[in-house]
Amino acid sequence: MLRLIRTNSDHPDFINLVKDLDAYLKIVDGDDHEFYNQFNNIDVLKHTVIAYVDNQPVGCGAFKAFNNSSVEIKRMYTSPIARNKGIASAILKDLEDWAKELNIKSTLLETGLKQTEAVKFYKKNNYKIIPNFGQYAGVENSVCFLKELK
């Protein structure tokens, strides 16, 4: 049974899942990993969601303020054994619901073009490609997305 909890980046299960995510990204991003890694500091994340199946942590996600009306989705990860079961979509939906509860109007995010599963995932969840924002402007391997929350 899937269970989601809302917490912050101090939670040990979130920290361990992010370690798994970083190990995965180091392989996928290759030479670009250090560039992206500098923007993924988790100590500033006050809004994190952890997914559990049979009391085992299997996925996570977070958001941080981007501006007064938007948050940036960060640190989305599902462990390989739990993929393709709707867990990432449940995490993302809970993050979006939490943002709406805080009167946030939109979510945005960046992912790498090499992360083809992530690109498909965000499109499937009604995210629209936008011009690369902030530190990702001009970065050829980055693709940025936006979703208006209703």
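The values are calculated or read from the model by the stated rules, or taken from the named source; none is laboratory data. Keep in mind the model is a prediction, meaning the values are calculated, not measured. Every residue, glycine among them, receives a Cβ derived from its backbone with ideal geometry; neighbour counts consider all protein chains shown.
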Q. Among the residues of the range 135-144, is any in contact with a Phe, Trp or Tyr (Cβ under 9 Å, 6 or more places away or on another chain), within 20 Å of L25 (Cα to Cα) and at pLDDT 95 or above?
A. yes
Q: Among what's in the range 91-116 and is part of a loop (DSSP other than H, G, I, E, B) and touching a Leu at 6+ places or on another chain (Cβ under 9 Å), pick the residue that is farthest from K64 (Cα to Cα).
A: Q115
Q) For the range 126-150, what are the residues that are surrounded by 15 or more Cβ atoms within 10 Å (Cβ to Cβ) and assigned to a loop (DSSP other than H, G, I, E, B)? A) Y127, N132, F133, V139, N141, L149
Q: Working only within the range 67-96, note down all residues that are more than 14 Å from the chain's Cα centre (by Cα) and more than 22 Å from Y24 (Cβ to Cβ).
A: N67, N68, S69, S70
**Q.** Pair list, Cβ under 8 Å, 6 or more apart: the range 124-148 residue over 17 Å from A99 (Cβ atoms), other residue small (G, A, S)
**A.** K124/S89; P131/A137; N132/G138; N132/S142; Y136/S142; N141/G112; S142/G112; V143/G112
(Q) Restricting to the range 73-89, count the residues that are part of a strand (DSSP E or B) and either touching a residue at least 40 places away in the same chain (Cβ under 8 Å) or not charged (D, E, K, R) (or both). (A) 5
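Do the conditions hold for V119, that is, is it in a strand (DSSP E or B), surrounded by 17 or more Cβ atoms within 10 Å (Cβ to Cβ) and either at negative phi or touching a residue at least 60 places away in the same chain (Cβ under 8 Å) (or both)?
When the stated conditions are applied, V119 does not pass them.
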